[in-house]
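Participant: Got a structure here, written out as structure tokens. Questions coming.
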Amino acid sequence: MPETPLFPEGIALTEEGLQDVPRSVLIQIILALVEENRELRKRIEQLEARLNKDSSNSDRPPSSDPPFKKKKSGKKKKGTDRRKLSHPGHRQEMLPPKETRVILPEICTCGNREFPETEPYYTHQVIELPPIELEVIHFELHRGRCPVCGKMQKATVPREHRTGYGPRLSAMIAEMAGTQADSRSTIQTFCASVLGFHISLSAIQKIIVRACAAIQPHYETIGQAARQAPVNHIDETSHRLNGLLQWLWVMAGPAVAFFMIHSNRSKEAFEALIKDWTGILVSDGYGVYRKWVGLRQTCLAHLIRKAKELSERKDPDIKRFGLWATHELQRLCHMAKDPPSVGEWQAFYARLIRLITLHEKRKDDAGRFARRLRREIESLWTFLSEQGVDPTNNHAERMLRFAVLWRKSSQGTSSEKGNRWVERILSLRQTCRLQKKTTFPILVDALRAYFRGQEPDLAWIAHPTA
């Protein structure tokens, strides 16, 4: 029997010993134990619910899911063709050939070897790399004495070649380090194995520093374009600078994604990110976002995951509430692709208000979630009245996914210069992905302009079709 102050000292925990305890005291002990048991059961349920959280019922990223926990496989619906539900395939793109070889039929099954008339019926493409040979230029500098004044004059290396590494090689290293998240040692090994030359780690770092400076105009232009967009998805994730906690913020629209590292996750950092932007905000339920004075769309995916987590509880009342909330929020989310009629909307609204009203006074997790829905009710369906607004913040989360994986493999950055590199290359990488552009040609142009002291091409950022 657990210890309790109601239990008299010196009484043996036996049937004979308990017979001497007054009935009123035994009743108090039983009531205390019943209450203690109720609290322990509640605590166990909370701990089990915490252990049961994964990316499908919480805000945790998919990378945090344990590898041994298999996802529930969805049952095939009756009458559906799985081939229609799968991802559409993509055939290999036919590239312009450098050489075309005609292959004629050799022999027929009857033994004939002569085919006076033939026609092409299929093209088999083979893609191969040419032998990789570096283009090495030696600049032989001369000096000479001036015949007029007698001073010794020395030639200097042309400005665009002073770094010792050309724009294409520098862009390739920047591509590997930034858009592919390769380590410096991996780049060093690649250069030795594939390109056939040795480069030191310090030289790789210098190239990355130059690339960071070269894409600064792109970064600033992306920021300006993001702050002019009518709708933006905003989110943040943790970042490490020499082990200290910082925050990586993203402001993503349909054409650009702007990243910023800040020491805080606060209103100050949020204002530094958006500056004078006043558009429609799509975000999760973080307190700073909820105070946005303009139009806002609450991420329904976050709410659905929370409702799903409640639907998996053992408490029957909380489970029933979670199932109801999950059903209604999913129905609301589907309205983005299938707008409701007036009658459907009125019925949905009545059910949602009833759900909130019946549970918002509860003191458990169901009551807390109902009150959260009440607080954010005005921002639950902005996407139905405003064009270009999504019902979820999945767009920002997709923009952050690569950054999260990069942070996990690199353990963050070790200097402010490293932070600037992360901000700029992530902004360039994700903006290129949104506009279906490849980053390498843009890096080559940026570094070539940087070496020559010229302005790079930035028209494509503000005008995606450029």
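Participant: Of all residues in segment 180-208, how many are open to solvent by less than 60 Å² (accessible area, probe 1.4 Å), of a type outside the set (S, T, N, Q) and either in contact with a Lys or Arg (Cβ under 9 Å, 6 or more places away or on another chain) or under 19 Å from G418 (Cβ atoms) (or both)?
Facilitator: 7
Participant: If we keep just the residues of segment 79-113 that are at pLDDT below 85 and of a type in the set (S, T, N, Q), which is least open to solvent (accessible area, probe 1.4 Å)?
Facilitator: Going through the qualifying residues, I end up with T80.
Participant: While we're here: Looking at segment 443-466, I want the residues that are more than 19 Å from A174 (Cβ to Cβ) and have a partner that is among the β-branched types (V, I, T) and open to solvent by 10 Å² or more (accessible area, probe 1.4 Å) with Cβ atoms under 7 Å, at least 6 apart or on another chain. Which pairs are those?
Facilitator: From segment 443-466, the pairs are A462/T221.
Participant: Here is a follow-up. Scanning segment 157-174 for residues that are in contact (Cβ under 8 Å) with a residue 40 or more places away in the chain and hydrophobic (A, V, I, L, M, F, W, C), which turns out most open to solvent (accessible area, probe 1.4 Å)?
Facilitator: Selected residue: M172.
Participant: If you scan segment 119-156, which residues turn out to be open to solvent by less than 100 Å² (accessible area, probe 1.4 Å) and assigned to a loop (DSSP other than H, G, I, E, B)?
Facilitator: Of all residues in segment 119-156, those open to solvent by less than 100 Å² (accessible area, probe 1.4 Å) come to 123, 125, 130, 132, 134, 137, 139, 141, 144, 146, 149-150, 152, 155.
Hits for segment 119-156 are T123, Q125, P130, I132, L134, I137, F139, L141, C146, C149, G150, A155.
Participant: Let me ask something additional. Given the conditions (1) surrounded by 20 or more Cβ atoms within 10 Å (Cβ to Cβ); (2) touching a strand residue (DSSP E or B) at 6+ places or on another chain (Cβ under 9 Å), and given that R433 satisfies all but one, which numbered condition is not satisfied?
Facilitator: Just one mismatch for R433, condition (1).
Participant: Separate question: Tell me the helices (runs of 4 or more DSSP H) entirely within segment 327-415 that contain at least 3 residues that are under 30 Å from R240 (Cα atoms).
Facilitator: Hits in segment 327-415: 394-410.
Residue-by-condition table, conditions (1) polar (S, T, N, Q); (2) under 30 Å from A325 (Cα atoms); (3) surrounded by fewer than 17 Cβ atoms within 10 Å (Cβ to Cβ); (4) within 15 Å of the chain's Cα centre (by Cα):
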| position | (1), (2), (3), (4) |
| --- | --- |
| N242 | yes, no, yes, no |
| A257 | no, no, no, yes |
| R265 | no, yes, no, no |
| T278 | yes, no, yes, no |
| Y286 | no, yes, yes, no |
| Q297 | yes, yes, no, no |
| L303 | no, yes, no, no |
| E309 | no, yes, no, no |
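Participant: Can you tell which of R401, R368, R452 is in the same structural domain as I318 (by the TED database) and surrounded by fewer than 19 Cβ atoms within 10 Å (Cβ to Cβ)?
Facilitator: R368
Participant: Right, here's the next one. Any idea which residue in segment 311-325 is farthest from E386 (Cα to Cα), counting only those that are of a type outside the set (D, E, K, R) and open to solvent by 20 Å² or more (accessible area, probe 1.4 Å)?
Facilitator: Per the stated criteria, the residue is P316.
Participant: Looking at L426, is it more than 24 Å from E312 (Cβ to Cβ) and either outside any helix (DSSP H, G or I) or touching a residue at least 12 places away in the same chain (Cβ under 8 Å) (or both)?
Facilitator: Taking the combined requirement at face value, the residue satisfies it.
Participant: Next question, about the same structure. Working only within segment 227-240, note down all residues that are surrounded by 19 or more Cβ atoms within 10 Å (Cβ to Cβ) and assigned to a strand (DSSP E or B).
Facilitator: V231, N232, H233, I234, D235, E236, H239
Participant: What are the pairs with Cβ atoms under 8 angstrom where one residue, in segment 246-269, is at positive phi and the other, located anywhere, is among the charged types (D, E, K, R) and at pLDDT 95 or above? Sequence gap at least six, or different chains.
Facilitator: Here the result reads none, with nothing in segment 246-269 linked to a residue that is among the charged types (D, E, K, R) and at pLDDT 95 or above.
Okay, residues lined up against (1) open to solvent by 50 Å² or more (accessible area, probe 1.4 Å); (2) in contact with a helix residue (DSSP H, G or I) (Cβ under 7 Å, 6 or more places away or on another chain); (3) within 30 Å of D182 (Cβ to Cβ); (4) not acidic (D, E):
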| position | (1), (2), (3), (4) |
| --- | --- |
| R372 | yes, no, no, yes |
| F383 | no, no, no, yes |
| A396 | no, no, yes, yes |
| E416 | yes, no, yes, no |
| R420 | yes, yes, yes, yes |
| R424 | no, yes, yes, yes |
| D445 | yes, no, yes, no |
| W460 | no, no, yes, yes |
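Participant: Right, here's the next one. Please find, among A177, A213, the residue that is of a type outside the set (S, T, Y), touching a residue at least 24 places away in the same chain (Cβ under 8 Å), surrounded by 12 or more Cβ atoms within 10 Å (Cβ to Cβ) and in contact with a helix residue (DSSP H, G or I) (Cβ under 6 Å, 6 or more places away or on another chain).
Facilitator: Within the list A177, A213, the selection yields A177.
Participant: Under the condition of being farther than 21 Å from D315 by Cβ, assigned to a loop (DSSP other than H, G, I, E, B) and open to solvent by less than 90 Å² (accessible area, probe 1.4 Å), which residue from segment 21-62 is modelled with the lowest pLDDT?
Facilitator: Step one: of segment 21-62, the residues farther than 21 Å from D315 by Cβ are 21-32, 55, 59-62.
Those still in the list that are assigned to a loop (DSSP other than H, G, I, E, B) too: 21-22, 55, 59-61.
Narrowing further to those that are open to solvent by less than 90 Å² (accessible area, probe 1.4 Å): 21-22, 55, 61.
On the way: V21: 69, P22: 75, S55: 65, P61: 59.
Per the criteria, the residue is P61.
Participant: Is it the case that segment 182-191 has a residue that's outside any loop (DSSP other than H, G, I, E, B) and closer than 29 Å to P97 by Cβ?
Facilitator: yes
Per-residue answers, yes or no, for (1) modelled with pLDDT under 95; (2) in contact with a helix residue (DSSP H, G or I) (Cβ under 6 Å, 6 or more places away or on another chain); (3) of a type in the set (S, T, Y):
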| residue | (1), (2), (3) |
| --- | --- |
| I261 | no, yes, no |
| A269 | no, no, no |
| I280 | no, no, no |
| Y286 | yes, no, yes |
| R290 | yes, no, no |
| L310 | yes, yes, no |
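Participant: Moving on. Just to check your reading of the model, which residue among S410, S379 is among the small types (G, A, S) and open to solvent by 20 Å² or more (accessible area, probe 1.4 Å)?
Facilitator: That would be S410, the only listed residue that is among the small types (G, A, S) and open to solvent by 20 Å² or more (accessible area, probe 1.4 Å).
The values are calculated or read from the model by the stated rules, or taken from the named source; none is laboratory data. Keep in mind that this is a model prediction, so the values were computed, not measured. We place every Cβ from the backbone using ideal geometry, glycine too, and count neighbours over all the protein chains shown. When the accessible area is computed, the model is the full protein with side chains, heavy atoms only, and any ligands, DNA or RNA have been set aside. Shrake-Rupley method; radii C 1.70, N 1.55, O 1.52, S 1.80 Å.
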